[in-house]
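First comes the structure, then the notes that go with it.
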Amino acid sequence: MAGVRMVGLTKRFGDVVAVNNISLDVNDREFLVLVGPSGCGKTTILRMIAGLEEATEGEIWIGERMVNDLSPKDRDIAMVFQNYALYPHMTVFDNMGFALKMSKVKREEMEQRVQRAADLLDIENLLDRRPRELSGGQRQRVAVGRAIVREPAAFLMDEPLSNLDAKLRTQTRTELIKLHRRLGITTIYVTHDQMEAMTMGDRIAVMRDGCIQQVDEPLGLYDRPANRFVAGFIGSPSMNFLDATIDGQNSDLYVDTGDFRVKLPAERVDPLQEYQGEPVVFGVRPSDIYERQHSPLDDANSGSVITVEVEVVEPMGAEAILYLRSGEDELVASVDSATSAREDEPLEVVLDVAKCHVFDKETEVTIV
């Protein structure tokens, strides 16, 4: 087992910069998730680490070795692909043992490794079947098993759950987390699903346009986003963003959207002093908007009560999603399913301004 280090990693395809000067350390035994929208460069990073793409610039280290000039088979990594990539004419046993066979591992040791991996993944009764006889979830386990038997220094996983249905994806996600805890092998996992990233990663690297926007633990990204993009990408439903200005003076500062005005708590005032009268972007998560009559916040938050019109109520079981309007501003709130909100009727809501965020209008960097 070993850590993975990228230093100034860049990949260009002609004039297109797919990965732009990435430097990132993945610690030994860590489960790191690369997350971002399609085309942000996360899979390209994985392919460069695996040796399937050549880096235009920069260094890739696995453990104590720089591997830029090593072939994929010599890098001591195992990759799990999105489409499973199983050999259709081979049995599960042969698929899982193929890399060992190519490495001239003795038959007895190969059988032991395959059997251990099959037992670990609960597919020992499938070893004589061929891929066409397996369900999607079973094929995914075989693909993971094929990686495990190699006993690599690191796992690379490229959206391995994207072909599974929602229920099976949740189940397999849990199994992969348990598997990582048992094996303790350094893992770099690529996904575009922020919920998957939040539940699986020890740390998460959020990417956009070939650049890393922020690297942090899941709750760090959620509570302390570095910029507007991270704030909007992490969390479901997505954060509400409203154009606003900072109004007031000294310790009495307000966020004024033009349609409503809320007072900022004292602990958030100092960083915003220089923004008085300046345009900003005000961000509030749906989970930080409460119906006034059900609000857990005390009277100190009376300055953050606003009246909105309810446009749509979406019952979701344990919660309800409210689509609200205040003048020209639209808001989404996530509230208890026992909501009293009714469509086309006014509703008083409270914003938890202690958890809200303010972003610089031009740079989109988080101010508070």
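The lysine pair tally for the chain, using Cα distances under 29 Å and a gap of 8 or more places or different chains, is 14. Note on region 157-258: Rg/Rh from C-alpha atoms, Kirkwood Rh, equals 1.11. A straight chain from Asp94 to Val368 at 0.36 nm per residue would run longer than the Cα-Cα distance by 93.1 nm.
To one decimal place, what Kirkwood hydrodynamic radius in Å is obtained for region 172-211 from all pairs of distinct Cα atoms?
Details: mean 1/r = 0.0893 Å⁻¹.
It works out to 11.2 Å.
P(r) tail for region 65-143: Cα pairs beyond 13 Å make up 69% of the total. For region 73-80, 3J(HN,Hα) computed residue by residue from phi via the Karplus equation (6.51, -1.76, 1.60; θ = phi - 60°) reads 5, 9, 8, 6, 10, 10, 10, 10 Hz, glycine and proline entered as x.
Region 249-325 and region 141-202 have their alpha-carbon centroids 38 Å apart. Surface composition of the chain: carbon and sulfur make up 45 percent of the accessible area, probe 1.4 Å. Please list, in chain and number order, the residues 5+ apart from Cys356 or on another chain whose amide H is under 5 Å from its amide H, with Hs placed from the backbone. Sorted by chain and number, the residues that satisfy this come to none at all. Could you work out the relative contact order of the chain, using alpha carbon pairs under 8 angstrom and six or more residues apart, expressed as a whole percent? The normalised contact order for the chain reaches 15 percent. Averaged over its residues, region 1-114 has an accessible area of 51 Å² per residue, based on protein heavy atoms and a 1.4 Å probe.
Rolling a 1.4 angstrom probe over the protein heavy atoms with all chains in place gives region 191-259 an accessible area of 42 Å² per residue. Each DSSP beta bridge with both residues in region 58-201 is either parallel or antiparallel, and the antiparallel ones are about 20%. Of all DSSP beta bridges confined to the chain, the antiparallel ones make up roughly 75%.
Phi angles of region 230-238 translate, via the Karplus equation with coefficients 6.51, -1.76, 1.60 and θ = phi - 60°, into HN-Hα couplings of 4, 4, x, 7, 8, x, 9, x, 5 Hz per residue; Gly and Pro are given as x.
Normalise the Cα radius of gyration of region 329-368 by 2.2 N^0.38 Å (N = residues in it) and let me know the number. It would help to have the intermediate numbers written out before the result.
Working: Rg = 14.4 Å, N = 40, 2.2 N^0.38 = 8.9 Å.
Rounded to two decimals, the normalised Rg is 1.61.
All C-alpha to C-alpha distances of region 224-313, sorted into 10 Å bins beginning at zero, yield P(r) values of 14, 43, 38, 5 percent in whole numbers.
Quick one: work out Rg over Rh on the C-alpha atoms of the chain, Rh as Kirkwood radius.
Checking Rg against Rh, the ratio lands at 1.07.
Normalised by the number of residues in region 114-211, the average gap of Cα pairs under 8 Å and 6 or more apart makes the relative contact order 25 percent.
Each Lys and Arg contributes +1 and each Asp and Glu -1, all at the Cβ; summed about the Cα centre of the chain, the dipole is approximately 2580 debye. Taking amide H as placed 1.01 Å from N in the peptide plane, the amide H of Ala2 sits under 5 Å from that of Arg29, Thr186, each at least 5 places away or on another chain.
Once the 1.4 Å probe is applied to the protein heavy atoms, region 280-358 comes out at 47 Å² accessible per residue.
Counting every C-alpha pair in region 21-82, the share spaced more than 16 angstrom apart comes to 46%. Debye calculation, C-alpha points only, no solvent: report log10 I(q)/I(0) for region 1-143 at q = 0.10, 0.17, 0.19 Å⁻¹, in the same order as the q values. Relative scattering, expressed as log10 I(q)/I(0), comes to -0.44, -1.05, -1.16. Summing +1 for each Lys or Arg and -1 for each Asp or Glu among the other residues whose beta-carbon sits under 15 angstrom from that of Asp360 gives -2.
Jot down the per residue volume, in cubic angstrom and as a whole number, of the convex hull over the alpha-carbon atoms of region 85-188.
Normalising the Cα hull of region 85-188 by residue number yields 100 Å³.
The charge dipole of region 71-140, taken about its Cα centre with unit charges on the Cβ of Lys, Arg, Asp and Glu (plus for the first two, minus for the last two), comes to roughly 280 debye.
The values are calculated or read from the model by the stated rules, or taken from the named source; none is laboratory data. Quick caveat: nothing in here was measured; it's all calculated off a predicted structure. Don't worry about glycine lacking a Cβ; one is built from the backbone with ideal geometry, like all the others, and counts go over all protein chains shown. These area figures cover heavy atoms from the full protein model, side chains too; ligands, DNA and RNA do not enter into them. Shrake-Rupley method; radii C 1.70, N 1.55, O 1.52, S 1.80 Å.
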